[in-house]
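What follows draws every value from the coordinates through simple rules; no lab data is involved. Keep in mind that what you see is a predicted model, and the values were worked out from it rather than measured. Glycine also receives a Cβ, built like all others from the backbone with ideal geometry; neighbour counts cover every protein chain displayed.
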Amino acid sequence: MKKIINTAKAPAPIGPYSQAILAGNTLYISGQIALDIATNKLIKGSIKDETRHIMEYMKCILEEAGMTFDNVVKTTIFLKDLNNFVQVNEAYGAFFTKDFPARATIEASRLPKDANVEICMEAVK
């Protein structure tokens, strides 16, 4: 059984996908970029700012599913430029207090809306 998870506190999907799917006890969160919720345009700023916006959106999606960052077991981070790895780590790491999830970080030549970073997550109740 699967349940679609959507919240107005995170950007609406820009294609034929859901913000997240809850399948049993596992939540699969689609890749998020730093989009302004009102305008659906990319938020311009530093890579840390983009990452913080994404993580705040992730927090809202997790909460909509009745979870927190403590439930996250796996993340994947896509970076336009792997030279931003340290700055992204600093912003990303501030959202976890202990028991960091497994993670992959990948450099991608281009991300949706020319974002600099995109993050997706999996969490388990």
* Under a 5 Å amide H to amide H cut-off, with H placed in plane at 1.01 Å, what residues pair with GLU107 once short-range neighbours are removed? -> LEU79
* What net charge is computed for the residues neighbouring THR26, neighbours being all others with C-beta under 12 Å from the C-beta of THR26, Lys and Arg scored +1, Asp and Glu -1? -> +3
* Separation between the ASN40 and GLU107 pseudo-spin-labels, each 7 Å from Cα along Cα→Cβ, expressed in nm? -> 3.3
* Could you pull out the pairs from LYS3/LYS59; LYS9/LYS74; LYS3/LYS113; LYS80/LYS113 whose alpha carbons sit more than 20 Å apart here? => LYS9/LYS74; LYS3/LYS113
* To do: Provide the gained length on full extension for the span ILE4 to LYS98, in nm with one decimal, where the gain is 0.36 nm per separating residue minus the Cα-Cα distance.
  => 31.0 nm
* To do: Within 10 Å, count the other beta carbons around each residue, average over each peptide in 115-125, 95-105, 19-29, and list them highest first.
  => 115-125, 19-29, 95-105
* Asked: Counting pairs of alpha carbon atoms under 8 Å apart in space and at least six apart in sequence, what relative contact order in percent does segment 28-125 give?
  -> 43
* So what are the three principal axis dimensions of the chain from its Cα atoms, in whole Å, longest to shortest? -> 39, 34, 21
* Once amide H atoms are placed 1.01 Å from N in the peptide plane, what residues at a sequence separation of 5 or more from LEU27, or on another chain, have their amide H within under 5 Å of its amide H? -> ALA123, VAL124, LYS125
